[in-house]
1. Going by a ≥ b ≥ c, the root eigenvalues of the Cα gyration tensor, does the stretch 3-90 fall in the rounded group (a/c under 1.5), the prolate group (a/b larger than b/c) or the oblate group?
2. Can you list the residues, at least 5 places off or on another chain, whose amide H is less than 5 Å from the amide H of residue 255, using H built in the peptide plane?
3. Can you work out the Karplus-derived ³J(HN,Hα) for every residue in the stretch 60-73? Use 6.51 cos²θ - 1.76 cosθ + 1.60 with θ = phi - 60°, whole Hz, and x for glycine or proline.
4. What residues have an amide H closer than 5 Å to that of residue 73, excluding those fewer than 5 places away on the same chain, when H is modeled at 1.01 Å from N in the peptide plane?
5. Could you give the size of the charge dipole of the stretch 120-180 about its Cα centre, using +1 on the Cβ of each K and R and -1 on the Cβ of each D and E, expressed in debye and rounded to the nearest 20?
6. With unit charges on the beta carbon (Lys/Arg positive, Asp/Glu negative), name the residue among 277, 209, 137 whose Cα is farthest towards the positive pole of the charge dipole of the chain.
7. What's the ranking of 108-119, 6-17 by average number of surrounding C-beta atoms within 10 Å, highest first?
8. Amide H to amide H, which residues 5 or more places from residue 45 or on other chains are under 5 Å from it, using H placed in the peptide plane?
Amino acid sequence: MSDLNNRFGRVGVLYGGHSAEREVSLMSGAAVHAALERQQVQSTLFDLGQHTLAELAAESFDRVFIALHGRYGEDGTLQGALELLGIPYTGSGHLASALAMDKIMTKRVWQQVHVPTPAYRVVQSPADLQALPQALGLPLILKAPNEGSTLGLAKVMRSSELPQAYEMVRAYDQTILAETFVAGRELTVALLGKGAKARALPIVEIIAAQGNYDYQSKYFSDETQYVCPAELPAALTEQISELAARAYQALDCEGWARADLILDADMQPWLLEMNTSPGMTGHSLVPMAAQAAGMDFDALCMTILAGASCKVSGRASAVTGQR
C-alpha cells in the first residue's frame, strides 16, 4: 500500500442493505470497492443487508464509504448510527440525509429559500385525492416521498386513474406526495464539496426512450441517451449550476450529491429532488459528470472518500485514519 493512501486506514464500503434499491446498491458498492482497490486503499465490502451494526462496529473500520441507496442507508438512520459509533463516513450528515430523502420535507425547505420546485400536496388518505386535479392540474405525479430510483411513482393522466395510482404508490409509503407534472428536458447536476465551496459538475441531460426514465431505463437499458455537458446556453448553464448548489446548501448537504430537475419550455428550471448517495454503476450520472470534468471514476471515489468525517462529534473535520 502506498504512503499516500495509507492515511485512510481500513475502509469499509457499505452496500446492499434492506431498501428497494438493494440491487443497485450492490452494483455501486462493487464498483467503488474495485476503484479503491486499484488505488491501493485497504477496503472491504460490508453488506448491511446481511450483517448487523454490532458486526460493523466489531470491524473497527477507520472510515466507511456509504454506497447504500434508499431507506436505512441514505435517509439519515445509518448516518446517526455511525455518529454514535464514532466512525467517519462519506456524504451528508444525518439531518441533511433525512431531509433530502423525504421529498416533502425537501420541498418545504426549498420553498423557504425560494428554490423553484413544482407545486404539491400531501396525500394522507383516499379522501385527499378528489381535490388534486383542481389544485395541481392534470397530468400530475404521485410519489412515495421516501423512495428513489423512480420506485413508487405514478403519472396520472385522468382523474379516474387516481385511485389505482394511489394504491400502487401506497405500497411504498403511507404518506404520498402529489406534484404538478412539469414537462420539459430532464437534467441532473452532480455536486461535490461543502457549503459555499460546493461545486457543480457539468450538467447531464437524460433522453429516455419513449420519454420514460424509469428504473429499467436508469440502470439496465442501453437505449437511454445522455448528453454531457448538456447543450445549453452558457448563461443558462451557469444559472442551473448555481441553483443546484443553492438547493444543496439549503439542505446542508456535503461530500457529494445529485440534484434532479426539469427545464420547461420557457427555460425555467424546476428542482425535483436531491440524492445524497447517488448511484455509482456503469449507467450512473455522477461518474459521467465527473468524467466530463476531467475526473475519472477512481479519482471521484478518492475525492469522496477523502471527505469522510463525523459531523456532530468532536471529530467534525475530516480525519486521517485514527479513531
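Any read-out appearing in this document is the output of simple, stated calculations on the displayed coordinates, not a laboratory observation. Since we're looking at a predicted model, the values are computed, not measured. Note: ideal-geometry Cβ built from the backbone for every residue, glycine included; neighbour counts use all protein chains shown.
1. Numbers: a/c = 2.00, a/b = 1.26, b/c = 1.59.
Here the stretch 3-90 falls in the oblate category.
2. HN-HN under 5 Å from residue 255: 193, 194.
3. Once θ is set to phi - 60°, the couplings for the stretch 60-73 become 6, 5, 7, 6, 10, 9, 7, 10, 8, 10, x, 4, 6, x Hz.
4. Residues meeting the criterion, in which the H sits 1.01 Å from N, are 78.
5. Working: 5 positive and 6 negative charges, 25 e Å.
So the dipole magnitude of the stretch 120-180 works out to roughly 120 debye.
6. 277
7. On the way: 108-119: 15.7, 6-17: 21.9.
Per-residue mean Cβ counts within 10 Å order the peptides as 6-17, 108-119.
8. It is 13, by chain and number.
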